[in-house]
Amino acid sequence: MAINQVPDHVPPEMVGDFSLFTSPGMSPTPNGDPHAAVACVHAGAPIFYSPCNTRPGRGTWVITRAADQRRVLQDTETFSSHRSTFASALGENWPMIPLELDPPAHRVFRSLLNPLLSPKRVTELEPTIRERAITLIEGIAASGTSCDVMKDFAFPFAVNIFLRFLGLPEHRLHTFVGWARDLLHGDDVRRPAAARTIVAFIDELAAMRRNRPVDDFMSFIVQAQVEGRRLTDEEVRGMGVLLFVAGLDTVATAIGFDLAYLARNIKDQDLLRSEPDRIVLAAEELLRAYPSVQMVRVAIKDIDFEGAPIRKGDYVSCAAMIANRDPAEFESPNTVDLSREANRHASFGYGPHRCLGSHLARREIVIGLEEWLARIPAFRIKEGTAPVAYGGHVFGIENLILDWS
Ligand code: HEM
């Protein structure tokens, strides 16, 4: 089937005029708000077909209700996550592990990784995380009354923690961020080039750690055993690539959206500065309001779902940004309420693939906000500048220049 073509089994009345890639507000827009732009889908049906809802322009079914998304994400016998999204950029077909494996194989690898990012492990990392935040923010405060938050704080903070965890050299931070950005947001030339570079890097690192293991993630993986055997080269690569891609810019993006919100809402900013105990709850609400990841599954059998004839091979989108604005799930979903409790958001996904890094991500976001608000006085978006936000598989924000003069 040609890209953008609606398959014959999709009833024309189920085709919707909405896409996370092409709808207004989704392409990079100064002062854009791609999260608010998704709210329109809740006025319509619980499921519709979007003819262009992936980066290469494929159509997907779009699930608009949070409860229905949970049904899809839980039902791995009907909706598979094996899509080889990364490998397909190289014309290959290996899974990122554990994300693109279905149970029961998924469970084997997930149990191997769980202890590495458990709440206990994250508590041990906390002093390092806080020290990194303080060093960066004190440097920013000492050098003036304005900064580019993504470049000067969010990326160097989150990516540095992540590189230490993976055992990757910190001085190559900007190189790694560049690769991840080309991969996630680059065009048809940059994307496969970045994918090739990342694979070559992971393969080389794995070979080095096999020869001389140290105390890091890759050494753990190359020595690990599953079901009484060592991991294959392809499995090591699939895990290394996923961790690299999943952790590198997600936390930085979340911090960027949070600080943009606070810069535009001085009262909330003052409240959190004067009552920092509220930050944990507030960070959860900001995660709900500004999620970054769209989950996609592929149907592995025919199913009629809420009146939609989903057929084997169809893509099904469960976008956290849509679930998190579902009025059936959240009161006043388009209002940011920093005291919101019972916040069952979908920002870290749902079901067996629920984010492995969520404990680490949460601690980084909370510590980043605590230390920022403790050291930087009332800040706003710098006059004459406009942060650029965009939609897609992974929402993002750039050019966030803050000023506290
Ligand atoms: C705010 C930051 C983050 C957000 C919003 C986020 C979001 C998500 C989401 C929505 C999923 C589910 C994807 C799906 O079901 O298709 C996921 C899975 C995953 N995330 Fe995160 N993530 C974040 C940070 C991290 C970090 C820091 C790491 C690693 C240190 C990480 C590692 C993973 C892994 C390995 C998976 C796959 C889990 C599995 O398949 O069992 N994430 N993440």
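The values are calculated or read from the model by the stated rules, or taken from the named source; none is laboratory data. A quick note: this is a predicted structure, and the numbers were derived from the prediction, not measured. Using ideal geometry, Cβ is built from the backbone for each residue, glycine included, and neighbour counts are taken over all protein chains shown. Surface areas here come from the heavy atoms of the whole protein model, side chains and all, with no ligands, DNA or RNA. Shrake-Rupley method; radii C 1.70, N 1.55, O 1.52, S 1.80 Å.
Scanning residues 5 or more positions from Val15 or on other chains, those with amide H under 5 Å from its amide H are Tyr49, with H placed 1.01 Å from N in the peptide plane.
Here region 106-162 and region 250-292 have alpha carbon centers that stand 16 Å from each other. Estimated purely from DSSP H runs of n ≥ 4, each contributing -39500 (n - 2.57), the mean residue ellipticity at 222 nm for the chain is -13500 deg cm²/dmol once divided by its residues.
Note on the chain: with a GNM built from Cα contacts shorter than 10 Å, the maximum mean-square fluctuation among Ala105, Ala378, Ala323 falls on Ala105. In the chain, Cα pairs under 8 Å separated by at least six residues give a relative contact order of 27 percent.
Only helices reaching 20 angstrom along their own axis (Cα) with mean Kyte-Doolittle hydropathy no lower than -0.5 count here, and for the DSSP H runs of the chain these are 119-142, 190-211, 233-248, 250-264, 358-375. Solvent-accessible surface of the chain, taken per residue with a 1.4 Å probe and all protein chains present: 42 Å². Leaving out ligands, DNA and RNA, and with a 1.4 Å probe, what % of the accessible surface on region 12-376 is carbon or sulfur? Roughly 52 percent of what the probe reaches on region 12-376 is carbon or sulfur. Under the combined filter of DSSP loop state and at most 16 neighbouring Cβ atoms within 10 Å, region 245-317 retains these trypsin sites (Lys or Arg not before Pro): Lys301, Arg311, Lys312. GluC sites (Glu not before Pro) within region 300-336: which are DSSP loop residues with at most 10 other Cβ atoms inside 10 Å? Sparse-neighbourhood loop GluC sites (Glu not before Pro): Glu331. Amide H to amide H, with H built 1.01 Å from N, Ala319 comes under 5 Å of Ile63, Met295, counting only residues 5 or more places away or on other chains. Neighbours of Gly313 by Cβ distance under 12 Å: Lys/Arg scored +1, Asp/Glu scored -1, total +4. Working note: Karplus 6.51/-1.76/1.60 with θ = phi - 60° gives region 295-305 the couplings 8, 10, 10, 10, 5, 9, 8, 5, 7, 9, 10 Hz, where Gly and Pro are set to x.
The fraction of all Cα pairs in region 1-47 landing in successive 10 Å bins from 0 to the largest distance is 22, 43, 29, 6, given as whole percents. For Phe305, the residues whose modelled amide H falls within less than 5 Å of its own, excluding neighbours fewer than 5 places apart on the same chain, are Ile310. The share of alpha-carbon pairs in region 342-405 lying farther apart than 17 Å comes to 63%.
When the Cα convex hull of the chain is projected onto planes of every orientation, the mean area is 19.5 nm².
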